[in-house]
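Structure first, commentary second.
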Ligand code: PLP
């Protein structure tokens, strides 16, 4: 007997993230408890007419059509579609589109509306490869980029020209955790757009990777386009890479064409893992990581060898009021996340960097629960020095201008017993003179 179509929107979002749609137009899996992994790079066409129909429908949303016309993996397939549905629920977006990596999603989300001569205004503190994309590659394509500190929301106004198409945000910013007031920024953009034609409209794009949708849903503040590195908190297990863009139906066509022609698709096997392990367990992992991060942040804040700690959940966080407004879970509880940025005391900023390196070298050789590795949002606690790794695309001076400290250390807290993490950090700090 086929499954009855139920109204899943009556249920809470964490429950929807586990069950997906009661009946999915992506796949008839009414007899599977877990949807199958599909593995077919191409799809049988019933007739040449159906082939032509399928190609004619590319770039158009199926809008609940019961019989999606799959043609070729790069143009869409069932596992990615199911993941896209789940991510759209998580971000409260009209649709989602998956990509091969977070950077493929950054590329698509930041360029799908641009043409030669278009201008982008971006927040000055960004993930290192995003900064590299904007400063190294964009000029080669004829896109002009202006950077400014959007923590002062009106700071971008003087940079706006008739060619400005995208206001690119990252909040919480990697690695400093600086937050942007999304409500204020959206209000200012809407005021500007009120006097601009449809084709001159400025579109807001945000990288929400650090928060995950569990802790922040930018669309609820009016942001137009949200992107994620799925490699991080959403896939969560540290086993797969991916990216996603979540937005309104009006942008489906150009985003689809971008993915089809640049080819940055996510493999169905990876989409399946992220859907069935990552998304389904978001509500178990993130609250646990967040509770652990709070405990670890308090430990660091009280430690005599620590210079400063930034964690949005601490009252000492410079933007604590803003954090409480932006970072909320699905029930409206304060959700400051699992990322911490801190530095060790030093006689000078360079000395603080030397002390931090000593601490991380100790961790690399002696810690059981803290691993020296890039990436974040995983089950395991990870530590790294952004200034010499993830953010080397910024010169030393640019790092300081973007609010990074020479000795700044990034910590992504996992699901371990937090006392074990604290024990390893305490030992590592004890090793520093
Ligand atoms: N955005 C942020 C904030 C990131 O931290 C990263 C990676 O660290 C990316 C985007 C890029 O993601 P990926 O490594 O999946 O390409």
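Of the set (1) under 24 Å from the mean Cα position of the chain (by Cα); (2) within 25 Å of residue 229 (Cβ to Cβ); (3) away from the ligand (no atom under 16 Å from the Cβ); (4) surrounded by fewer than 16 Cβ atoms within 10 Å (Cβ to Cβ), all apply to residue 388 but (3).
Based on this model, can you work out whether residue 325 counts as in contact (Cβ under 8 Å) with a residue 12 or more places away in the chain and either crowded, with 22+ Cβ neighbours inside 10 Å or out of contact with any helix residue (DSSP H, G or I) (no Cβ under 9 Å at 6 or more places or on another chain) (or both)? For residue 325, the condition - in contact (Cβ under 8 Å) with a residue 12 or more places away in the chain and either crowded, with 22+ Cβ neighbours inside 10 Å or out of contact with any helix residue (DSSP H, G or I) (no Cβ under 9 Å at 6 or more places or on another chain) (or both) - is not met.
Remark: residue 239 matches the filter, which requires a residue to be under 29 Å from residue 379 (Cβ atoms), within 16 Å of the ligand (Cβ to nearest atom) and exposed (fewer than 15 other Cβ atoms within 10 Å of the Cβ).
Residues in segment 363-381 that are surrounded by fewer than 19 Cβ atoms within 10 Å (Cβ to Cβ) and part of a helix (DSSP H, G or I) were compared, and the one that is nearest to the ligand (Cβ to nearest atom) is 364. For residue 419, the criteria (1) in a loop (DSSP other than H, G, I, E, B); (2) in contact with a helix residue (DSSP H, G or I) (Cβ under 9 Å, 6 or more places away or on another chain); (3) within 29 Å of residue 287 (Cβ to Cβ) hold in every case but one, which is (1).
Do we find a residue being within 12 Å of the ligand (Cβ to nearest atom), modelled with pLDDT of 95 or more and out of contact with any helix residue (DSSP H, G or I) (no Cβ under 9 Å at 6 or more places or on another chain) anywhere in segment 183-205? No. Is there a residue being within 16 Å of the ligand (Cβ to nearest atom) and either within 20 Å of residue 321 (Cβ to Cβ) or under 15 Å from the mean Cα position of the chain (by Cα) (or both) anywhere in segment 161-169? Yes, segment 161-169 contains at least one residue that is within 16 Å of the ligand (Cβ to nearest atom) and either within 20 Å of residue 321 (Cβ to Cβ) or under 15 Å from the mean Cα position of the chain (by Cα) (or both). Across segment 399-414, the qualifying residues are those that are touching a residue at least 60 places away in the same chain (Cβ under 8 Å) and surrounded by fewer than 21 Cβ atoms within 10 Å (Cβ to Cβ), and the one among them that is farthest from residue 336 (Cα to Cα) is 401. Checked against the criteria, residue 156 does not count as away from the ligand (no atom under 16 Å from the Cβ), surrounded by fewer than 23 Cβ atoms within 10 Å (Cβ to Cβ), over 27 Å from residue 84 (Cα atoms) and modelled with pLDDT of 95 or more.
Looking at the structure I just gave you, is residue 48 surrounded by fewer than 18 Cβ atoms within 10 Å (Cβ to Cβ) and out of contact with any helix residue (DSSP H, G or I) (no Cβ under 7 Å at 6 or more places or on another chain)? Answer is yes for this residue. Taking the conditions (1) within 24 Å of residue 127 (Cα to Cα); (2) part of a loop (DSSP other than H, G, I, E, B) in turn, residue 162 satisfies each one other than (1). All conditions in (1) free of Cβ contacts under 8 Å to residues at least 60 places away in the same chain; (2) assigned to a loop (DSSP other than H, G, I, E, B) hold for residue 188, with the sole exception of (2).
What do you reckon, is residue 332 in contact (Cβ under 8 Å) with a residue 40 or more places away in the chain and in a loop (DSSP other than H, G, I, E, B)? Spelling it out, it is not the case that residue 332 is in contact (Cβ under 8 Å) with a residue 40 or more places away in the chain and in a loop (DSSP other than H, G, I, E, B).
Examine segment 219-232 for a residue that is farther than 15 Å from residue 130 by Cα, surrounded by 24 or more Cβ atoms within 10 Å (Cβ to Cβ) and more than 9 Å from the ligand (Cβ to nearest atom), and state whether such a residue exists. Yes: one or more hits. Within the set 87, 133, 81, the sole residue that is more than 15 Å from residue 208 (Cα to Cα), touching a helix residue (DSSP H, G or I) at 6+ places or on another chain (Cβ under 9 Å), within 16 Å of the ligand (Cβ to nearest atom) and assigned to a helix (DSSP H, G or I) turns out to be 133. Only one entry of 244, 271 meets the criterion of being touching a residue at least 60 places away in the same chain (Cβ under 8 Å), within 17 Å of residue 86 (Cα to Cα), within 16 Å of the ligand (Cβ to nearest atom) and in a helix (DSSP H, G or I), and that entry is 271.
Quick check: is even one residue across segment 60-69 in a helix (DSSP H, G or I) and surrounded by 19 or more Cβ atoms within 10 Å (Cβ to Cβ)? No; the residues of segment 60-69 include none that is in a helix (DSSP H, G or I) and surrounded by 19 or more Cβ atoms within 10 Å (Cβ to Cβ). Of note, residue 281 does not satisfy the criterion of being assigned to a helix (DSSP H, G or I), closer than 20 Å to residue 37 by Cα and without any contact (Cβ under 8 Å) to a residue 40 or more places away in the chain.
Is it true that residue 45 is part of a loop (DSSP other than H, G, I, E, B), on the phi < 0 side of the Ramachandran plot and at pLDDT 85 or above? So residue 45 fits the description; yes.
Number of residues in segment 375-419 that are under 19 Å from residue 209 (Cα atoms) and at pLDDT 95 or above: the value is 17.
The values are calculated or read from the model by the stated rules, or taken from the named source; none is laboratory data. Computed from a predicted structure; not experimentally measured. Positions of Cβ are generated from backbone atoms using ideal geometry, with glycine treated the same way; all protein chains shown enter the neighbour counts.
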